[in-house]
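Bear in mind that the values in this text are calculations on the coordinates, not laboratory data. If you're wondering where the values come from, they're calculated on a predicted model, not measured in any experiment. So basically every Cβ, Gly included, is an ideal-geometry build from the backbone, and we count neighbours across all protein chains shown.
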Amino acid sequence: MPRQLVAIEPRVAKLLEYQDRKLLSNEVLVKVEFAAPKHGTELTDFRGASPFIDEKYDSEWQLFVPREEDDDRGVKFGEWNLGNQWVGIITEKGEAVTEYEIGDRVCSYGGIRETHIINAVNNFRLRKLPKGVSWKNAVCYDPAQFALAGVRDANVRPGDRVAIFGLGAIGQIAAQLCKQMGAFVVVIDPIETRRAVALRNGADVALSPINTDVGMELKKLTAKQGVDAIIETSGQPTALHSALRGLAYGGTIAYVAFSKEFTCGLNFGKEAHFNNAKIIFSRACSEPNPDYPRWDRKRIEETCWEMLITGHLNCEELVYPIVDFDSSAEGYMQYVDREPDLSIKMGVRF
């Protein structure tokens, strides 16, 4: 029987067997070749720290409210298939499927598992992977969207000075986007290998926040003015405080991170109070988009996919380490949860 990667309890992953059902007429069966998890929101759920576990977001009230006792929890440990993106080959298709053929290589959303059954009729999220396009670019489809949204929400323009805090996949891609549009780009992360990857992909300066006054360094790099825009992806309170110190008067911070509750290291009574900073909480999948109706989630996805398959973005160094599917449970617990400093975005090879 096929297997899938499941969170059986907080911070514990295991490969469990499952049974594929019969295809519907509008579906295809895909044999997965490569996959990747998320390292942000998914990790918060995996650790049992997500507000969605015991609360739910009420879209009418636009508030988090407690779940009723008989409501399903937001995360079902023992059932939840970990993972975010996959690449594979179509091996079967239903009679109503006309846009895809057996043998097509495709990419879409879903967990780390040996097969996927997915709707293949009017589903723009089932992407055909052109010949020669790296699977590593394909599995960065999701982080690319949040990077692009952050760049747009920060209103980055050619010639701007930009700082990127946090160099996971989202921060790395945001740095590439800003550099390619003609910005001066400073990247900040405590992990040396991540800084080195960003520099090889075009960043101008890399800073470690360890024993460094990053805010002051950003001012020094810009003749005391500060950077025009900041994209914060780390979720650390000290990073946001440093961002406020290094931001130019009237500048914008796009806060992309899925943060936890801040308990220390952030003081809005200092630079934030004096420097007219703007903080925009940036989320690619919130509708309506800030630029609606011209932009929506679908347009963000279409734009990112085009940049990934044409090579405008380079994700070759962002997907590491790559583990075999048989060892994906151990790999997930090590590289995503316990030792994230050893990875940027873990890949899985089947």
For this session: Sort the range 43-171 into rounded, prolate or oblate with this rule: let a ≥ b ≥ c be the square roots of the eigenvalues of the Cα gyration tensor; rounded if a/c is under 1.5, and if a/c is not under 1.5, prolate when a/b is larger than b/c, oblate otherwise.
Result: oblate
Exercise. Which of Trp135, Trp295 comes first, and how do the rest follow, when ranked by fewest Cβ neighbours within 10 Å?
Worked result: Trp295, Trp135
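Using a Förster distance of 30 angstrom, determine the FRET efficiency expected from the C-beta separation of Asp54 and Tyr109, and round it to 0.05.
Details: r = 25 Å, r/R0 = 0.84.
Computed FRET efficiency for Asp54 and Tyr109 comes out at 0.75.
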Exercise. Add -39500 (n - 2.57) for each DSSP H run of 4 or more in the chain, then divide by its residues: what number comes out at 222 nm, to the nearest 500 deg cm²/dmol?
Worked result: -6500 deg cm²/dmol
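With a/c under 1.5 counting as rounded, go ahead and sort the range 148-281 into rounded, prolate or oblate using the C-alpha gyration tensor (a ≥ b ≥ c being the square roots of the eigenvalues; past the cut-off, prolate if a/b is larger than b/c, else oblate). Don't skip to the answer; put the middle values down first.
Details: a/c = 1.35, a/b = 1.20, b/c = 1.12.
It comes out rounded by the Cα gyration axes.
Using 32 Å as the Cα-Cα cut-off, could you pick out the over-long pairs in Lys136/Lys298; Lys56/Lys270; Lys278/Lys298; Lys14/Lys179? Before the final figure, lay out each step's value.
Numbers: Lys136/Lys298 21 Å; Lys56/Lys270 34 Å; Lys278/Lys298 27 Å; Lys14/Lys179 40 Å.
Checking Cα-Cα distances, Lys56/Lys270; Lys14/Lys179 exceed 32 Å.
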Exercise. How far apart, in nm, are two points set 7 Å out from the Cα along the Cα-to-Cβ line at Glu306 and at Thr98?
Worked result: 2.6 nm
For this session: Search the structure for amide H atoms under 5 Å from the amide H of Glu92, placed 1.01 Å from N in the peptide plane, and list their residues when 5 or more places away or on another chain.
Result: Leu29
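What does the net charge come to around Ala120 if you take all other residues with beta carbon closer than 14 Å to its beta carbon, with K and R at +1 and D and E at -1?
Numbers: positive: Lys93, Arg105, Arg125, Arg127, Lys128; negative: Glu27, Glu92, Glu95, Glu99, Glu101, Asp104.
Every neighbour counted, the sum reads -1.
Around Lys136, what is the net charge, scoring Lys/Arg as +1 and Asp/Glu as -1 over all other residues with Cβ under 10 Å from its Cβ? Numbers along the way, then the final one.
Values: positive: Lys345; negative: Glu316, Glu317.
Spelling it out: positives minus negatives among the neighbours equals -1.
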Problem set entry | Per-residue Cβ neighbour rank within 10 angstrom, fewest leading, Leu313, Leu63, Leu218 | Leu63, Leu313, Leu218
Problem set entry | the chain: antiparallel DSSP beta bridges as a percent of all, rounded to 5 | 60 percent
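FRET efficiency for Glu9 and His273, Cβ-Cβ distance as r, R0 = 41 Å, nearest 0.05? Walk me through the intermediate numbers first.
Numbers: r = 44 Å, r/R0 = 1.07.
My answer for the efficiency is 0.40.
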Seminar exercise, completed: Computed for the chain: size of charge dipole around the Cα centre, +1 on C-beta of each Lys and Arg, -1 on C-beta of each Asp and Glu, debye to nearest 20, value 1140 debye
For this session: Measure off 7 Å from each Cα along the Cα-to-Cβ vector at Leu266 and Lys131, then give the distance between these two points in nanometres to one decimal.
Result: 5.1 nm
Seminar exercise, completed: Expected unfolding gain across Phe77-Asp326 under the 0.36 nm per residue rule, minus the alpha-carbon gap, is 87.6 nm
Exercise. Roughly how big is the range 195-257's charge dipole about its Cα centre, with Cβ charges of +1 (Lys, Arg) and -1 (Asp, Glu), in debye to the nearest 20?
Worked result: 120 debye
Seminar exercise, completed: Residue separation between Asp291 and Val205 times 0.36 nm, minus their alpha-carbon distance, gives in nm 27.9 nm
Exercise. Around Glu69, what is the net charge, scoring Lys/Arg as +1 and Asp/Glu as -1 over all other residues with Cβ under 14 Å from its Cβ?
Worked result: -3
Exercise. Cysteines without a disulfide-compatible partner in the chain, using Cβ under 4.7 Å as the rule?
Worked result: Cys107, Cys178, Cys264, Cys285, Cys304
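Given Cα pairs under 8 Å that are at least 6 residues apart, what percent is the relative contact order of the range 148-281?
On the way: 285 pairs, mean separation 32.3, N = 134.
Taking the mean separation of contacting Cα pairs over the length of the range 148-281, I get 24 percent.
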